[in-house]
Each structure stands twice: as structure tokens, then as C-alpha cells.
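What follows is calculated from the coordinates using simple rules that are stated; it is not laboratory data. Model, not experiment: these values are computed from the prediction. When we count neighbours, we look across all protein chains shown, and the Cβ atoms used for this are built from the backbone with ideal geometry, even at glycine.
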Amino acid sequence: MELIANLGIGLEAAFTPINLLYCLAGVFLGTLIGVLPGLGPVATIAMLLPATFALPPVSALIMLAGIYYGAQYGGSTTAILINLPGESSSVITALDGYAMARQGRAGAALSTAALGSFFAGTVATFLLAVFAPPLADIALKFGPAEYFSLMVLGLMASVVLAHGSLPKAIAMIVFGLLLGIVGTDVNSGTQRFTFEVPELADGINFVVVAMGMFGLGEVIKNLEDEHSRSVFVKSVTGLMPTREDFKRIVGPILRGTALGSALGILPGGGAMLSSFAAYSLEKKVAKDPSRFGKGAIEGVAGPESANNAGAQTSFIPMLTLGIPSNPVMALMIGAMIIQGIQPGPAVMTEQPALFWGIIVSMWIGNLFLIVLNLPLIGIWVRLLTIPYHVLFPGILVFCCIGVYSLNNSAFDVYMMAGFGLLGYVCAKLECEPAPMLLGFILGPMMEEYLRRAMTLSRGNPMVFIERPISAAMLALALIALLAVLSPAIRKKREEAFQEEE
Amino acid sequence: MQGLIRNPKDFWSGVMFTAVGLAFAWISQDYQFGSARRMGAGFFPMVLALILAALGAFITLRALFTEGEGIRGLALKGLLLVPIGCLIFAATVRGGGILLSVGLLVLVSAAASVHFKLRTAAIMMVVLAAFCALVFIIALGLPIPMVGPWFGN
């Protein structure tokens, strides 16, 4: 049983007291920041990332994974309690979760979200352990042409599955790719787009981009409309779902887990698509669909399980192929590179303790979520009552200190301010920042693989079509693209994302 | 002009993409283009920049034939004060120290809110500056001065 032996390695790596502590700290901090309204997981991770730089790689990634789950759960908490989803994947939770809170059933909604997430997390972790090794084996046979095509597919799929205008999203990707190659060209040593600024010679730090676009940009956007939020729930009681609730949520949790696990692997989808899909599925199978939106517990259980399963399985392409499927994974890849690990299929064979340690710690992180969050719910509720105008200067302070401490460079903070402006402009023009971040991370890698593939083929671009795996991936990317352009699917896609508005 | 631009959000994003694409393409001219077999430093950026400019032009043109909402409600105060606060922080942190720079950042950015009151802002300045000094300098040991050389340290 190789699986058990592998999980054994992971247990050994993750179950050291110090790593357990980092995992716990990550989950706690992640929830703490994630609960603050207006901060999604991307901004949360970017903000807390500098705190992990000093740690050894295994601990750092375990802590980051913990932060991610914490931030996600924190987002669900705000969605349920004040109808203000911190991130797109908990938009759906707000529909029925907030309705439940208004009926005085916030406790049941919160614990349903926690239990559903825990179950989904357990299953998805197991899936990850089963499917990651064979996928990594295949990936090890990939040449540069395959990698290039895979990245094209990943970027295309992320556009197709995201919402909004297609040409704008593609343009944002290309913009990101261009920003990603700012800095010294590894092959020729040419300084590209650096304007002779020494700080740009190593390229733009991705934390600067993420923090500016997602942190600062968000803050400016929130300042547009400072309506007062009322926290409906002063104290949460009756945490345990009733026996009848349990009966109701078993089905949605199972279906949500299955759906989320499958969709999470797809690039671009991850947590958000999973929760949307799970909600519409629950609505379809329900005997009385009219209850949805008015506090149906199924509407909390399904999407919450699905988004956690999706969050978990989106680690599969990240860990095995080194391809991020969403902005959070892009940040994780950035963190790995900072730790000196080149993400890709080799990580599993060369650093088994790291690989399996992360997988095991995911499950531990999910466990901590339950242990930590249900008892601490009182604290989270109190955090929600902090008004935004008191909160946001604090957010800015953390962003600035975080970015400054990357290299002790004032220039990084200037650039973050610039990306903050860009983030706000993009938000106003309805250009999604997420594809840009993916492009930014993939930019240098794509150029490198393109170069190598073309050198190997002696400049013949047919290599991408002649190699079967590469051709298949490009074909898939094309099909995905054409599918969005076809009117029938386009309508469906718009419908699917409509509930967010 | 207003009558022609029927979808301002798309129109202006197209203009932005075209401008960025052309700027990148312009600069890429200085880098060696190379050939498909031996790509120079300019190959990838030039190709991408032209794709971006073309996409931008397409988006701009399309915006003349589709309907879309206008751009409304710019958060002008936030748009100015949030980045300015960050710039002030970056400019003062090394010379003035964390207490000064955090205080200034809080003061400037807090003024962006419609709920701004000098008293609350003053309390926030003190609390956040003290908190950051405690957490980042004393506990985490970041190499940022508490009170910088500007004050004769």
C-alpha cells in the first residue's frame, strides 16, 4: 500500500509539534483576517505571506494552507452573519445563510458550513493523495512543448470558467504575462522594461501585484459606498443543528463534495465555480425549490461543502504540474518559488516530506477549523462590528509593512500604490484582476518553455501540434474558447453567474 | 462623442489595453528580436504586446456597437488619499521610523472616509502605531527603526 506509506511520510512531517502549531496559527490568523469584511483569501494570503518567509519550507507552506482554509471559512462567516461575502465563493452562502441568520438560526448555519467543509475537506484530501502521484508521473514525461500548451489551456480555461467579458479577460491575461517578464531576461541578461531602475532588475514581486490589485484596489472600491452594515446577530446560540437539520444536510454535503472535487481540478474554477454549481444542483433536486433564498439549510450545506472540496482539489494541478488554477494557487506557487522550490512534478519525488506533509496538513487544517471556529465564534462576531472606516487604515498599514518588509524597499511600496490604482481602474472598467495574476505568475515560465520547445524543434512551430499530448491540450483550449462563443452556452454561462449580481 | 461611445466601460478598457500594448511594443523594439529558433529577449514581449494592442482595438471598436452601463461614482477621495498615504509611508519609514510613518499613513488614509473625525483618527494613529511597533519590531524583529535617523538617532 504505497498510499499508506506516503501518508505516513506526510504524517511524520506534519505531526511535529512545531508544524501543528504553525498550522493552527495559520488557520487562526486566516480566519481572523478573513472575517474582516472586504478582505478575500487572496488579499489575506498576500498580507500574511511575509510572516512565513523566515520559516522552513514545509512549515511555511503548511501555515499558508492553513491561512487559506481559515480565510475561506472567515468569508463564509461574514456571508452568513452580515450578508457581506468576503470572496466570490461565499456569495452563494450569503443567500440562504443570511436568511437563516435573520431567522435566528445563525448557529445552525455556521456549524453546517463547518461540518460540510470538514467532510468535503476530508474526502478531497484523500482524493488528492490518490490522484496526485499518477498525474505527477504523467507530468514528468512532459517536454517543453507540452508544458507550454498546458499553460495555454490553463489560462484559457480560467477565462472560460470565470465570469465577465471574454476578450477583456484574455487581454488581462496578456497584460499579466507582459508584467511577468519585466526584469532581467535569464537567457540574454537583457534588462527588459526596467527603465534602468535597479529595483526592477529582479522583476516585480508578485506580492506587490497581489496586494495592490486585491488589497488596495478593494479598499478604494469599498470607500465608494460606505453604507453602514448592521450586524444582525449579537450572539450566536444553538450551534448544533437539530436532528432534522442533519437529515437534510447529508445529501447536499455528499453531492456538494462530489461536484466540488471534480470542478476544483479544472483550471479557473476552483472554489467559486463549485459553489455556484452546487447551489443550482441543490435547487434542482429539492422537492420545494421555493424555499431557497429564504433560509434553506441545504443552500448552505451544498455550496459550502463544494467550495471547500474545490479549494482542496485545486491543489492537485498546483502540486503536480506547477500550474495555478486560481489566484490563490498562483500565490502558493509564488511562495514556493520564494522558498526555493520550483513547483512541478519533481516536487513529489524530490521532496516527499514537503509534498505529503502539505497534503496531511490540509486535513489537519480542516480539523482545526472545526475545533477553533465553533468555540471562537463569539470573537468573530465581535470583529464584525468594527466599522469599516476604523478598519481600513489598519488594513493599509498591514499591506504597507508587509510589502516593505519583503526587501526593505520603499520602491516596492510605491509600486503597490500604483497597482492599487490599477486595481481600482480595472474594477471600474469591469476587468477581472484574477486572470492577470495568473498570467503574471505564468509569464516567465511560458516564455522559457516556448523558447526551449522552439529551440528543440529548430524553430518549427508545428511541434505544438505534432506532439499528441500538446496537440490535445491546445485542441481542448480551442474547444473551450469556441464553446463560450457559441450562443447557447454563452447564455447558460451568463445565467450561472447571474445570481452573483 | 458621448453618442458614439455606447459602452464606456468596454471602450475605455480597450483604450487602456491598446495603450499598454503599444507602449510595451515600442520598448520591445530595443531588444533583440531573434528568430523563432533562437528567440531574442524581444520576441515574446513583442508578440504579446501586439496581441494586447490588437485585443484592445477590438474591444474598443466593439464598444461602439454594444450597449453598456456608464462609469459612475468614482471614489475620488479614496483614489487619491489611499495611494498617497502609502507613498508617504514608504518615503518616511526609513528616515522617520515606524511610529511616524504608520501614524501618517493612518491619518492620511482615514481622511478618505466620509466618517472621518479627527479625534477617532488620532486614537487610531496612536493605537496602530503602538501595535505595529510592538508586533513588527519588538516581537518579529523586522529591521525597521522605531524612531528613525531624522530625529537624531
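Shape descriptor for region B:76-151: Rg over Rh equals 1.00 (Cα atoms; Rh from the Kirkwood inverse mean 1/r).
Counting Cβ atoms of other protein chains within 10 Å of each residue's Cβ and taking the mean over peptide B:19-25 gives 3. Neighbour counting of Cβ atoms within 10 Å sorts the residues A:V207, B:V82, B:V20, fewest neighbours leading, into B:V20, A:V207, B:V82. Inter-chain Cβ neighbour count for A:362-370, averaged per residue, equals 0 (cutoff 10 Å, partner chain atoms only).
Please arrange A:R451, A:R255, A:R382 by how many other C-beta atoms lie within 10 Å of their C-beta, fewest to most. Can you show the working numbers first?
Working: A:R451 22, A:R255 19, A:R382 13.
If I rank by nearby Cβ atoms, fewest first, I get A:R382, A:R255, A:R451.
Rg and Dmax of chain B, both derived from C-alpha coordinates alone, stand at 23.6, 66 Å. Which translational diffusion coefficient, to the nearest whole µm²/s, is obtained for region A:43-86 from the Stokes-Einstein equation, given a Kirkwood hydrodynamic radius over C-alpha pairs, 10 °C and 1.306 mPa s? It comes out at roughly 142 µm²/s.
Work out the P(r) tail for region B:8-62: percent of alpha carbon pairs separated by more than 17 Å, whole number. Everything past 17 Å amounts to 40 percent.
Enumerate the helices in chain B for which the Kyte-Doolittle hydropathy averages 0.5 or more and the C-alpha atoms extend at least 20 Å along the helix's axis, using complete DSSP H runs. Don't jump to the answer; show the numbers that get you there.
Numbers: long enough: B:8-28 (30 Å, 0.88); B:43-62 (29 Å, 2.12); B:76-96 (30 Å, 1.57); B:118-132 (21 Å, 2.11).
Going by DSSP H runs, the hits are B:8-28, B:43-62, B:76-96, B:118-132.
Could you grab the relative contact order for chain B? Cα pairs under 8 Å, six or more apart, rounded to a whole percent. In percent, rounded to a whole number, it is 22.
Can you give the direction-averaged projected area of the convex hull of the alpha-carbon atoms in chain A, in nm²?
Details: hull surface 92.0 nm².
One quarter of the hull surface, i.e. the mean projection, equals 23.0 nm².
Counting every pair of alpha carbons in region A:1-62, the share spaced more than 17 Å apart comes to 49 percent.
Only Cα pairs under 8 Å and at least 6 apart count here; give the relative contact order of region B:8-62 as a rounded whole percent. Provide the component values of the computation, followed by the final result.
Numbers: 74 pairs, mean separation 28.4, N = 55.
Relative CO of region B:8-62 lands at 52 percent.
Size descriptors for region A:76-149 (Cα atoms only): Rg and Dmax, in that order, 19.0, 57 Å. Taken along its three principal axes, the alpha carbon spread of region A:1-153 comes to 55, 39, 34 Å, from the longest extent down to the shortest. Cα centroid separation, region A:139-156 to region A:44-99: 30 Å.
In chain A, a dipole from Cβ-located charges (positive for Lys and Arg, negative for Asp and Glu) runs towards its positive end, and of A:V58, A:L421, A:L36 it is A:L36 whose Cα lies farthest in that direction. Cysteines in chain A lacking any other cysteine Cβ under 4.7 Å from their own Cβ: A:C23, A:C399, A:C400. Would you mind computing, in nm to one decimal, how far apart the modelled labels at B:F33 and B:T66 are, each placed 7 Å from Cα along Cα→Cβ? Each label point is offset 7 Å from its Cα along the Cβ direction, giving 3.2 nm. In chain A, the DSSP-assigned H stretches of four residues or longer account for a calculated mean residue ellipticity at 222 nm of -24500 deg cm²/dmol, using -39500 (n - 2.57) per stretch and the full residue count as denominator.
Considering region A:394-455 at the alpha-carbon level, its Rg and Dmax are found to be 15.6, 50 Å. Between A:A472 and A:K287, the contour length at 0.36 nm per residue exceeds the alpha carbon distance by 62.5 nm. Could you tell me which of the pairs A:K221/B:K9; A:K221/A:K428; A:K168/A:K428; A:K428/B:K77; A:K221/B:K117 are separated by over 18 angstrom between their Cα atoms in the structure shown? Those over the limit are A:K221/B:K117.
Just want to confirm a number: the relative contact order over region A:10-498, from Cα pairs under 8 angstrom separated by 6+ residues, in percent. Spell out each step's value before the answer.
Numbers: 915 pairs, mean separation 139.1, N = 489.
Result for region A:10-498 is 28 percent.
What number do you get for region A:87-210 when its Cα radius of gyration is normalised by 2.2 N^0.38 Å, N = residues?
Details: Rg = 21.7 Å, N = 124, 2.2 N^0.38 = 13.7 Å.
Computed over Cα atoms of region A:87-210, the ratio equals 1.58.
Going by how many other beta carbons lie within 10 Å of each one, how would you line up A:M151, B:M124, B:M46, fewest first? Numbers along the way, then the final one.
On the way: A:M151 26, B:M124 21, B:M46 18.
Listing A:M151, B:M124, B:M46 from fewest to most nearby Cβ atoms yields B:M46, B:M124, A:M151.
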